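We did not get these values from a lab; they are worked out from the coordinates using the rules stated. None of these values were measured; they are calculated from a predicted model. So basically every Cβ, Gly included, is an ideal-geometry build from the backbone, and we count neighbours across all protein chains shown.
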Amino acid sequence: MRCCRTWCREEETIDAVQTKGAVSTITYREALYAAMREALESNANALILGQGVTDHKGTFGTTSGLAEDFGHDRVLDTPLAEEGMMGVAVGAALNGLYPIQTHIRADFALVAMNQIVNLVAKYRYMFGGRFEIPMLIRMVIGRSWGQGAQHSQSLQSLFAHIPGLTVIMPATPESILVDYRHATSSFRGPVISLEHRLMYDLAFEKESQRFEPLSTRRLREGKDVTIVSTSIMTLEAVRAAGHLMEHGIDCEIIDLNCVSHPDADVIIDSVRKTGRLIVADTSWQAYGVSAEICRLVVERDPGALKSPVVTMGMEPAPCPTAKALEDIYYPNLSTLTDAIAELVTGNAGHGLPLPDEQSMADVYKRFKGPF
């Protein structure tokens, strides 16, 4: 998997993206747009609803023009009423439609937690399987230009904690194309997807490797350390592995992808091989994805570990607004590389050169304003 910075080209359908020989790369944004278009084309009962899905920005360009092509009765802008609109989506799903609900910040979904946790997650169980709520809920996570404490949260652990919800964090266009197609065409339950806003403009080389939908994915074989990562931290893990390989450290990378249903066998098999584990998540470590991966390892095979597990995530505080503070609030390539080198060598003063980089936002996307 390789990625580079680019701006969005023309939109393409999923089939064109996957088969058009002249296209060697695809952006994260293009994959999202293709997935939304195919859902509407292939499923007459699919509809998209959310704040700004019909405006000129089109949910960061992922729904642009769809209302004109498919009608405003299938692509609906919604008011600032997240709980009420989620209730509309629930009712639509119960009556045979397939709603795709968008939240331009994951934080805004907190207003709809009653609907998501008490209805969406539980309806099938409470009624003995007689009712289903198939739907896709898209949420945007990640830092931006001074978004601060209420617009930057990565809330995957809150949702993954609830039985009945399937939570994914696509790190590549391939994940989007495979997982979204499966969710909107075949999966009979609710799927929550957290998309990282720093990744929309990234172009990725098209992958030849194919994965099962909603699965844990081994992206790179290695022998010295296992990195289990989520979302954009998977990209950071790939970059760190490339840097460290030049200095004799061979990293194995596992993209967790489906954080609510991790494949414990894939993770344990890797840790048994490497003996070392670092978990790199986009959120806080406490009570989070890192804690869950640690639980799986220590319950299944704690003897596989040669060293204590290392975890990385946001600092244990609300996100600061000032960029200078925001830069040190999130882990980056340098801090991840340092942590891996220390874990493998067993030496805090390992002496290996580190990448000279201070902020993911300066690498993936330079913000010029609040959106």
Which residues' amide hydrogens lie under 5 Å from the amide hydrogen of H196, considering only partners 5 or more residues apart or on another chain, with H built in the peptide plane? I141
At q = 0.10, 0.18 Å⁻¹, what log₁₀ I(q)/I(0) does a Debye calculation on the Cα points of the range 3-205 give, no solvent, two decimals? -0.39, -1.31
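If contacts are Cα pairs under 8 angstrom and at least 6 residues apart, what is the relative contact order of the range 3-205 in percent? If you can, show how the numbers build up before the last one.
Numbers: 371 pairs, mean separation 56.6, N = 203.
For the range 3-205, the relative contact order is 28 percent.
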Find the percent of Cα-Cα distances in the range 234-312 that exceed 19 Å, and round it to a whole number. 35 percent
Within 10 Å, count the other beta carbons around each residue, average over each peptide in 322-329, 50-57, 252-259, and list them highest first. 252-259, 50-57, 322-329
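Around I176, under 12 Å between beta carbons, what's the net of Lys plus Arg minus Asp minus Glu among the other residues? Please report the intermediate quantities before stating the final value.
Details: positive: R29, R138, R181; negative: E30, E38, E174, D179, E195, E207.
Around I176, the surrounding residues sum to -3.
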Comparing D73, D107, D179 in a Gaussian network model of the chain (Cα, 10 Å), the one with the largest mean-square fluctuation is D73
Can you list the residues of the range 114-145 with backbone N under 17 Å from a point 7 Å past the Cα of E357, pointing along Cα to Cβ? 143-144
Order the peptides 167-175, 330-338, 348-356 from the highest to the lowest mean number of other Cβ atoms within 10 Å of their residues. 167-175, 330-338, 348-356
Can you tell which of N45, N95, N347 shows the greatest fluctuation in a Gaussian network model of the chain with Cα springs below 10 Å? N347
Report for the range 3-205 the percent antiparallel among DSSP-assigned beta bridges with both residues inside it, nearest 5. 20 percent
Answer with one residue from L202, T282, L158: the one whose Cα lies farthest towards the positive end of the charge dipole of the chain, charges on Cβ with Lys, Arg +1 and Asp, Glu -1. L158
Once you've got the GNM for the chain with C-alpha springs shorter than 10 Å, pick whichever of F60, F127, F108 has the biggest mean-square fluctuation. F127
In sequence order, calculated HN-Hα J values of the range 112-124 (Karplus, 6.51, -1.76, 1.60; Hz; x Gly/Pro): 9, 4, 4, 5, 5, 7, 8, 10, 3, 6, 10, 4, 4
Taking K306 as the anchor, which aspartates and glutamates have their alpha carbon closer than 17 Å to its alpha carbon, excluding any fewer than eight residues away along the same chain? D224, D250, E252, D269, E342
DSSP beta bridge pairing in the chain, given as percent antiparallel to the nearest 5: 25 percent
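Compute the relative contact order of the chain as a whole-number percentage, counting only Cα pairs closer than 8 Å that sit 6 or more residues apart in sequence.
Working: 740 pairs, mean separation 61.2, N = 371.
Relative CO of the chain lands at 16 percent.
With viscosity set to 0.890 mPa s and temperature to 25 °C, compute the Stokes-Einstein D of the range 217-357, Rh being the Kirkwood radius across alpha carbon pairs; µm²/s, no decimals. List each step's numbers first, then the result.
Details: Rh = 15.1 Å.
In µm²/s, the coefficient rounds to 162.
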How big is the dipole moment of the chain about its Cα centre under a simple scheme where the beta carbon of each Lys and Arg is +1, that of each Asp and Glu is -1, and everything else is neutral? Debye, nearest 20, please. 340 debye
How high is the FRET efficiency between V111 and K223 when r is their beta carbon distance and R₀ equals 51 Å, given to the nearest 0.05? 0.65
Note: the chain, point scatterers on Cα, Debye, no solvent; log10 I/I(0) at q = 0.13 Å⁻¹ equals -1.04
